[in-house]
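None of the figures in this text is laboratory data; all of them are computed from the coordinates on show. From a predicted model like this one, the values you see are computed outputs, not experimental measurements. Backbone-built Cβ (ideal geometry, glycine too); neighbour counts: all protein chains shown.
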Amino acid sequence: MSRKKLIKQLKEKNPELNQYELDSVINIFTESVSNALEKGNNVEIRGLGRWYGKKLKENYNARNPNTNELIYKPERVKIRFRASKNLKKIINE
């Protein structure tokens, strides 16, 4: 689902809110989630799922497949999402 489709669905369910207010709500939500993950915190929304960061170790022996050249990959954090049981149940029905 794209951002525009999400705003359109929210507008249909909440006609008293204008598009700017809905866009602002989505911006605040995404900024809050990204700020929490940046600080190293987990974000959990009951009934939807959980976002968390997973540390990946540094890698000295990585290779570029095109040039076969050795490259160094520093330690980094990968953002993961785990769906809740309710969401999995809804999707798999």
* What number goes with the only condition from (1) loosely packed, with under 10 Cβ neighbours inside 10 Å; (2) not in a loop (DSSP other than H, G, I, E, B) that GLU16 does not pass? -> (2)
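Of everything in the stretch 35-52, what is part of a helix (DSSP H, G or I) and exposed (fewer than 13 other Cβ atoms within 10 Å of the Cβ)? Give them in sequence order. If you could, list the steps in order and put the result at the bottom.
Filtering the stretch 35-52 down to residues part of a helix (DSSP H, G or I) leaves 35-38.
Those that are part of a helix (DSSP H, G or I) and exposed (fewer than 13 other Cβ atoms within 10 Å of the Cβ): ASN35, GLU38.
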